[in-house]
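To keep things clear, I will list the structure first and then write my remarks on it.
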Amino acid sequence: MMKRVLCLLAGLFLLATATSQGEAAVQPKQPNILFFFADDLRADTVGAFGGKDVHTPNIDALAARGTKFTQIYCMGSRHGAVCAPSRAMLMSGRMLTHAPDNLKGIKTLPQYLRDVGYETFATGKWHNGNESLTRSFPDARSVFRGGMCDHFQVPLCDVIDGEVVNKRNPEGHSTEHFADAVIDFLKRHKSSNTDAPFFAYVPFTAPHDPRDPPQHWLEKLKDLPRPELPNNFRGQHGLNLGKMTMTVRDENLLGWPRDKEQLRDQLVEYRALVSHLDAQVGRVLATLADAGLAEDTLVVFTADHGLALGSHGLLGKQSLYEHSMRSPCVMAGPNIPVGESRNQLAYLFDLTATCLQSAGVDAGAGVHGQSLWPVLRGKSKGRDELLFLYAKTQRALRVGDHKLIRLPQIDRTLLFNVKADPDELHDLSELPAMKPLHDKLCERMRILQSECGDPLAWTAKDQLPVEIDLTGKRWPADRWQPQWIRKKYW
Amino acid sequence: MRLPNIVILYADDLGYGDVGCYNKHSKIPTPHLDQLARQGMRFTDGHSSSGICTPSRYALLTGRHHWRKFHGIVQAFGPSVFDDARLTMPEMLQRRGYRTACVGKWHLGWDWSGAKNEGAKQQKGKGFAADQFDWSQPVPDGPLAHGFDYYFGDDVPNFPPYTWIENDHVVMAPTVPYVASPKPPEGSHEGRPGPMAEGWRLDAVMPELTRRAVSYVHEQKDEDQPFFLYVPFTSPHAPIVPSLSHAGRSEAGPYGDFVAQTDATVGAVLQALDDAGLADDTLVVFTSDNGPEHYAYTRMRNFDHDSPGGLRGLKRDVWEGGHRVPMIVRWPNVVDANQTSDALVGQVDLMATLASLIGFELPQDQAEDSFNLMPLWLGEVDRVRDFLVHNTFAQKWGIRRGKWLLIDHKDGTHTRVPKWLRDRYPANALDVMLCDLEEDLEQKVNLAGQHPDVVAELRALLKDVRGRGHSAPRLAKESN
């Protein structure tokens, strides 16, 4: 079965590369690639993606001069630290089941790009182990190795000639350190007068919690209306998604049932963290423009996944709902349509294939992603379906507007029409009218699970209680939360 | 999610081009229907079974074409068109626990024999006299006998008895002969002679039906079981009697105002669903029983308003204008908003669609012509049926397959076409008419001579569908 999938994927890739060769003539040269990757950035908290009462002028401006992808997703995770596999999928261009967190033995995007003459650079969060870091980015500055940190006490290091050096704990906000590092890189690149294109990877660790923006950003935004709770806010989730979701650390940032006003306070802080990030992206893009590099640079802005922020009674990204798996995504630069939007279904790791195609790389069957160039050119309907996997507790299948979520631990299947019901509040699975569709999607999900090598049984041996009430449960603060946040919420 | 409530709003003689979202040049404001379309799926190729009232209602409520049984309408004091064994839509829904109600125009017959005095006879030109009935007697074999838990309405707005009927009882005993009050500002009053409740006002009918439908919705607020509410309006059927509050709202005369009032009634029912917090759990279907009445031709000239919306023919005709009607489906969270479908669909299909919705297995001898539209509503497919028979009276038949529309007659006309319009359509020398609706939606050009093969195929298909007693795909095996 696996062989069949790989053959299929290889076939798709051949198609993609055939297109790329045909189109190579159109592209004058390999573009620079500046790739921003935010952490836990929920799509609808960005203005260009429908955010209300938010302030993201730089990302919005990037969207205005580029193309937005409105249905691009993280494929999921094997565990609660969803950002690690999301980054592994992005770096490898491979699907979750074939992209181990440490990327052992897997050639990465920057390695492919260096092979065809790119200069590569990274700064920011690396959550995929040392070996893959130094191999992928022998030249990197201000790298934070890990999953999360106190933004004002971020432990950094550099990678020089493939060696980790200059470990330090500088003052200042993580987002600014990373922006400074890439700005410095852009200036160096410019002054070196090299002909080589660059690939600069800028994964922030914001707006991941602690929701701790520089205080003056809270001040700056104080005149914006207080954020509303999401439409699908609930005090608790109710249905038992298992420990790997219900009480995972991301969920412990507030008690149960979720307090509306405390949550809105957190949304204020999250919003400021996002606006601060936006401002830093603005600084980097200004540097790019000042250096005269904007015209030759493909800019990608996206995030590893979304965040629940109170939707469905959840706070984190350990579920397969839209708010948690969907990312905001903008591409701008050479040959990217201006001011357009694409709603085709895509995985984040399709961006890897897209970058490879831009650079003229044929990665063969090693990469599972499908280049988005045909979609950008309006020549493709994109993917027909997306499979999502989370731990051993949730599976989801998106086909057209419908999304099936399977919960093996409680033997429940949910069915949503995410277009008619973007908040995923109206489970259609019990409606007799949906039975044919429901059965079809169930069958398709099993086939896709088997094809991608996901062994999870349809129904778990050990069943959990279907509902769970977490009222009054303890919710310990972790060591990353700064004092003022502990004081305020715990 | 539990089974949704179901509301069917059924306009009477409303034209394809009377509604703004179907005709951007319409002279009539229809903000609520336009909004309903934005919130749901709008069908551009939806059809009633017949070009007249009773047969279309029969097909809507049974999933069986009227022409397998009858062609005409139920006359005043006429008997029911339903056999006892005939499964109706509300009966099917009752079996799955729905509470069912009909508020409005029934026009599917009753058994008046118990109420009518022995030997009572109609006097020519005057109909029955009021004292020929014992109005306190129950009137069986109406809505309550065919699946509705509750009925309120006036049966037929232009037929006696001119009074309200609630469930199976006459609410106000008619005591006087019919006089049209007020005198309709457009067209003839069309009222047939017969008994009338004293003080009966034609223009009070729609406001009262609206009020009743709205209060029925409010009463459902805290019920556990879902409800089915069928609201067949008496508007904009003649007598054309818009309320004062709607007079002058349109630029298409009193009829236009009556359509605007019809739209307002739709708005009132939808508002009630919102106010009762039921909108999210309610499937709403809006459509019309047939094309617009013959006054539409005069209206084209007087008001430059095109009630058939560019289609040829009007009510009663087998032309598209007779049976192609507005059709809108809204089901929040399930059917995507703001969609337009050009799939060929019939009102006769609602039965199998709702059967699918509630998980009801239709018996072999019921809903014989009904196609399940659910996959279309859900966006899984963009076409469900390939053919559809069009028929009003026994002499003229049409059959549609894909883009081809065949009328097995030299024309599809029943309603008289005024002189000034006749030249618009070339005379047809053949005994058959074949049109390509993709190129010629107005059915002006007869291609029968050029495509004898298509003519032969469609005639054979028509004969087959008429002959075999059913056309629903789930029954197809049986015929093989």
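What whole number of Å gives the distance from the Cα centroid of segment A:37-67 to the Cα centroid of segment A:170-222?
17 Å
In the calculated pair distance distribution of segment B:143-268, what percentage of Cα-Cα distances lie above 19 Å?
Distances greater than 19 Å cover 51 percent of the Cα pairs.
Between A:K381 and A:R65, what's the calculated FRET efficiency when r is the beta-carbon distance and R0 is 35 Å? Round to 0.05.
0.90
Using only the Cα atoms, what convex hull volume per residue in Å³ does chain A have?
138 Å³
How big is the protein assembly as shown by Rg and Dmax over its Cα atoms, in Å?
Over the protein assembly as shown's Cα set, Rg and Dmax evaluate to 33.6, 112 Å.
Using Cα centres only, tell me the gap between segment B:251-266 and segment A:353-377 in whole Å.
One Cα centre to the other: 57 Å.
Considering every residue in A:401-412, what mean count of other chain Cβ atoms within 10 Å of its Cβ is obtained?
Taking all residues of A:401-412 together, the mean is 1.
What base-10 log of the normalised intensity I(q)/I(0) is obtained for segment B:332-480 from the Debye formula, alpha carbons as equal point scatterers, at q = 0.19 Å⁻¹?
Ignoring solvent entirely, the Cα scatterers give -1.19.
How much length is gained on full extension from B:D365 to B:D131, taking 0.36 nm per residue of separation minus their Cα-Cα distance?
That pair, B:D365 and B:D131, stretches by 80.0 nm at full extension.
From the gyration tensor of the Cα coordinates in segment A:89-145, what semi-axes in whole Å does the equivalent ellipsoid have, largest first, with each one equal to sqrt(5λ)?
Over the Cα atoms of segment A:89-145, the ellipsoid semi-axes are 17, 15, 8 Å.
Nearest 0.05, what FRET efficiency do A:E295 and A:D439 give at R0 = 45 Å with Cβ-Cβ as r?
My answer for the efficiency is 0.30.
Can you work out the FRET efficiency for the pair B:K124 and B:R416, with r the C-beta to C-beta distance and R0 = 25 Å, to the nearest 0.05?
0.50
Between A:D478 and A:N335, what is the label-point separation in nm under the 7 Å Cα-to-beta-carbon projection?
So the label points at A:N335 and A:D478 sit 4.0 nm apart.
As an exercise, take the mean of 1/r over every pair of distinct alpha carbons in segment A:51-109, invert it, and state the Kirkwood radius in angstroms.
Final number for the Kirkwood radius of segment A:51-109 is 13.6 Å.
Other chains near A:414-423: what is the mean number of their Cβ atoms within 10 Å of each residue's Cβ?
4
Let's test this: bin the Cα-Cα distances of segment B:163-225 at 5 Å from zero up to the farthest pair and state each bin's percent.
Once binned at 5 Å, the Cα pair distances of segment B:163-225 give 3, 15, 18, 21, 16, 11, 7, 4, 4, 0.
Kindly flag which residue pairs out of A:K104/A:K243; A:K167/A:K488; A:K104/A:K461; A:K52/A:K260; B:K410/B:K463 have an alpha-carbon separation exceeding 23 Å in this structure.
Cα-Cα > 23 Å for A:K104/A:K243; A:K167/A:K488; A:K104/A:K461; rest within.
Which percent, to the nearest 5, of DSSP beta bridges fully inside chain B are antiparallel?
So the antiparallel bridges in chain B amount to around 55 percent.
On a C-alpha basis, how far is the centre of segment B:93-131 from the centre of segment A:131-167 in Å? Whole number, if you could?
86 Å
Projecting each Cα onto the charge dipole of segment B:5-385 (Lys/Arg +1, Asp/Glu -1 at the beta carbon, about the Cα centre), which of B:G321, B:W135, B:M206 comes out farthest on the positive side?
After comparing all options, I get B:G321.
When the Cα atoms of segment B:267-351 are enclosed in a convex hull and the volume is divided per residue, what value in Å³ results?
135 Å³
B:R38 versus A:Q215, label points 7 Å from Cα toward the beta carbon: distance in nm?
4.7 nm
Say the dipole of chain B comes from +1 at the beta carbon of Lys and Arg and -1 at that of Asp and Glu; which of B:L270, B:Q225, B:Y178 then lies farthest toward its positive end?
It is B:Y178.
If you split all Cα-Cα distances of segment A:397-490 into 10 Å bins from zero, what percentages do you get per bin, shortest first?
Histogramming segment A:397-490 at 10 Å steps yields 13, 31, 25, 20, 10, 1 percent.
For segment B:5-385, place one equal point scatterer on every Cα, skip the solvent, and apply the Debye formula. What is log10 of I(q)/I(0) at q = 0.10, 0.11, 0.14 Å⁻¹?
Cα-only, vacuum Debye calculation for segment B:5-385: -0.59, -0.72, -1.22.
Cα-based Rg of segment B:202-299 per 2.2 N^0.38 Å, rounded to two decimals?
1.18
Averaged over B:331-337, how many beta carbons belonging to a partner chain fall within 10 Å of each residue's beta carbon?
Counting Cβ atoms of other protein chains within 10 Å of each residue's Cβ and averaging gives 6.
Each label point is 7 Å from the Cα along the Cα-to-Cβ direction; what then is the distance between the points at B:R192 and A:D195, in nm?
9.4 nm
Here, each number is a calculation from the coordinates, and none is a lab measurement. What you see is a predicted model; the values in this text were computed from it and never measured. Positions of Cβ are backbone-derived with ideal geometry, glycine not excepted, and every protein chain shown enters the neighbour counts.
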